[in-house]
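Peer 1: Attaching a single structure in structure tokens format; questions to follow.
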Amino acid sequence: MPELKSKNLQSLFALKSAMPALRKPGLTFIDPMTSSVFEPLIFKESKDSQTALRMIQDQMNKAIREAKELEKQGGVNPHL
């Protein structure tokens with residue numbers, strides 16, 4: 001294609017994956033479980049998106065509370 005002759009097409013294919021931001025040591029990571037939203041809740045159970053996201057957020061908040069409680073009791077956080 002003559003109109004692309006002067007264009008740098010290699011830049012389209014030379015992409016590098018973005019590295020995730022580093023976390024401070026000791027921070028808890030809870031898997032956001034967003035893959036658990038669409039297939040089971042929205043597509044199969046026909047829930048609206050707000051309800052499905054609220055359900056997942058409630059599950060994540062529960063996991064965070066449980067991890068914090070476990071650490072308070074001297075246990076090892078399974079999410080580190």
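Peer 1: Give me the extension gain from residue 48 to residue 3: residue separation times 0.36 nm, minus the current Cα-Cα distance, reported in nm with one decimal. Provide the component values of the computation, followed by the final result.
Peer 2: On the way: separation 45, 0.36 × 45 = 16.20 nm, distance 4.67 nm.
Stretched fully, the residue 48-residue 3 segment lengthens by 11.5 nm.
Peer 1: Once you put a point 7 Å from the Cα of residue 36 and another 7 Å from the Cα of residue 60, both along the Cβ direction, what distance in nm separates them?
Peer 2: Those two pseudo-labels are separated by 1.1 nm.
The numbers here are math on the coordinates, done by the rules we state, and not lab data. Here the structure is a predicted model, which means the values were calculated and not measured. Positions of Cβ are backbone-derived with ideal geometry, glycine not excepted, and every protein chain shown enters the neighbour counts.
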